Amino acid sequence: MRRVNGVRSAVIALLTVVLVGCMTGREFAEELVEPVSVDVESLYGELEEQRSSIETLERLLEFDSSDDRLGRIEDLEDRLDAEHVVADLILEVDPSSATDCSAAVAQTLQDALDCLDGRRIQAGVEVTIELSSGSHPVSSTVHWDHPDGASIQLVGQGTGSGSSVLACSTVAEPCISVVGAADLNLRDLIIDCGGIGSETMGLYAGSGGAIWIGSPGESDESVEIQRCYSGVWVENGASLVTSDNALTIGLGYDGIQVWRNGTVHAPGATITAENGTVSGSRGAVASVPRSTLVGGYAAGGNAGSVIDAEGAVASANTGSRGRNDGFHARYGTIVYAHDATVTGWKYQFFASTNSTITAEGATMNADGVGQYGAFVTVGGVGNFGEGSISNLTGNRTAFLLDNFSVVYANPMTYDGTEVTRFGSTGCSKLKDSANCAE
């Protein structure tokens, strides 16, 4: 009946326009008094158009509302609504409410995704899955695989007071998994694995999946990942991209792991881990410029990976001070750490097996527990020009080289004349204008 009512309303509106637009006899006569020429044929044509419009309106008014075609149209509309999302939609997730897809309410995150199952999202339409404040239990991995995932936003109430927390303590796998041609967009929430005793994981992206955190140009939208064995794992061509300062990983064993041509770009991230904060392997690319990194090691890569930590502030955690290396590169890896501040490891930088570290302007502070500024070995190359080394302990060697390695340190600032600036074996070279040792 809604179609018929719509037609009748349109008819009434059109009749009103027609009647108002018609001249009265008096008005017409007054117009004829004026000394103007009249195009009779044109007037006749206009009258015919008016007659035709009236006949059309009469036919519409005779439309039979019981016609089966109307029912078929309504059935088609219902089918389209069931199979497509054609207008912006907010799905509210509240653990205290029962799931009702028709009312856009879900009890769990998985229920919200189930409400969208089988429904395509029209181009230009945005679906928001909004978590209420408080804890949201996750009993098994949420597989984020909607074909129009790029049009879905997962949004919480923030990471401070009144935050939204995905509680994944019973999940011995990723809390959220994004695999294949799928996209996950999320912001303003916390993922808590509950502990690092098992192989728990906050976010996983694999086989081309993509995770996006925050919005471009926004600095107050963030995701916090807590107490996971691995905070984020990206591999097999998948990617993680965040806006500035949008990712915090804390109280875990590993922060970000990138494998097999995976890509991570997380500028300004804050990562605290018992083991490594960022690691890359087998052609991975991990970019964490201007980040704060605290861990057993700051960032490391092997097997042709690339690590970008320009301007990062990296320091050893309490259990690793003076024991491990801060940034390390092995087997053809490249590490960029321009203007980084590196504090508290035995080796602030370590490069081996044809790897390269470029850290011009870096500040290396052994903090009284580290013995070396950088160790470069087995064909490694280090570039530390315009940087500084301070607070070495033990043998106090700024650069240790062996096995055909090269270090460029021109110019370089040392904090005392007693520092051994160069220790070398196996045809290695130090390019340092201060002492010209080769």
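For the stretch 173-205, which positions are closer than 17 Å to residue 263 by Cβ and not in a strand (DSSP E or B)? The answer is 180, 181, 182. Of the residues making up the stretch 292-322, just one is closer than 18 Å to residue 230 by Cα, under 21 Å from the mean Cα position of the chain (by Cα) and not aliphatic (A, V, I, L, M), namely 292.
Does the stretch 134-192 hold any residues that are acidic (Asp, Glu) and touching a helix residue (DSSP H, G or I) at 6+ places or on another chain (Cβ under 9 Å), and which are they?
Within the stretch 134-192, the first condition is being acidic (Asp, Glu), and the residues that meet it are 145, 148, 173, 183, 188, 192.
Selection gives 145, 148, 183.
Residue 265 fulfils the conditions (1) modelled with pLDDT under 95; (2) surrounded by fewer than 20 Cβ atoms within 10 Å (Cβ to Cβ) except for a single criterion, (1). There is no residue in the stretch 273-282 that is without any contact (Cβ under 8 Å) to a residue 60 or more places away in the chain, buried (at least 23 other Cβ atoms within 10 Å of the Cβ), within 19 Å of residue 196 (Cβ to Cβ) and in contact with a helix residue (DSSP H, G or I) (Cβ under 8 Å, 6 or more places away or on another chain).
Being over 25 Å from the mean Cα position of the chain (by Cα) and either surrounded by 21 or more Cβ atoms within 10 Å (Cβ to Cβ) or not assigned by TED's automatic domain parsing to the domain that holds residue 394 (or both) is the requirement here; does residue 371 meet it?
Numbers: over 25 Å from the mean Cα position of the chain (by Cα): yes; either surrounded by 21 or more Cβ atoms within 10 Å (Cβ to Cβ) or not assigned by TED's automatic domain parsing to the domain that holds residue 394 (or both): no.
Spelling it out, it is not the case that residue 371 is over 25 Å from the mean Cα position of the chain (by Cα) and either surrounded by 21 or more Cβ atoms within 10 Å (Cβ to Cβ) or not assigned by TED's automatic domain parsing to the domain that holds residue 394 (or both).
Residues considered: 340, 286, 298, 314. Of these, the only one that is closer than 24 Å to residue 249 by Cα, in the same structural domain as residue 385 (by TED's automatic domain parsing), touching a residue at least 40 places away in the same chain (Cβ under 8 Å) and aliphatic (A, V, I, L, M) is 298.
Taking residue 387, is it assigned by TED's automatic domain parsing to the domain that holds residue 297, small (Gly, Ala, Ser) and modelled with pLDDT under 85?
Details: assigned by TED's automatic domain parsing to the domain that holds residue 297: yes; small (Gly, Ala, Ser): yes; modelled with pLDDT under 85: no.
For residue 387, the condition - assigned by TED's automatic domain parsing to the domain that holds residue 297, small (Gly, Ala, Ser) and modelled with pLDDT under 85 - is not met.
Scanning the stretch 243-267 for residues being of a type outside the set (Asp, Glu), under 13 Å from the mean Cα position of the chain (by Cα) and under 28 Å from residue 160 (Cα atoms) gives a total of 9. Among the residues of the stretch 383-406, the ones that are over 16 Å from residue 346 (Cβ atoms), under 37 Å from the mean Cα position of the chain (by Cα) and not polar (S, T, N, Q) come to 4 in all. Filtering the stretch 249-260 to residues that are of a type outside the set (D, E, K, R) and surrounded by fewer than 19 Cβ atoms within 10 Å (Cβ to Cβ) leaves 250, 251.
Within the stretch 248-271, the set of residues being of a type outside the set (Phe, Trp, Tyr) and over 20 Å from residue 335 (Cβ atoms) comprises 248, 250, 251, 252. With respect to the conditions (1) modelled with pLDDT of 95 or more; (2) under 20 Å from residue 331 (Cβ atoms), residue 282 lacks only one, and its number is (1). Of the residues making up the stretch 134-157, just one is surrounded by fewer than 20 Cβ atoms within 10 Å (Cβ to Cβ), touching a Lys or Arg at 6+ places or on another chain (Cβ under 9 Å) and closer than 14 Å to residue 191 by Cβ, namely 155.
The values are calculated or read from the model by the stated rules, or taken from the named source; none is laboratory data. All values reported here derive from a predicted model rather than from experimental measurement. Counting neighbours? That spans all protein chains shown, and the Cβs are built from the backbone with ideal geometry, glycine included.
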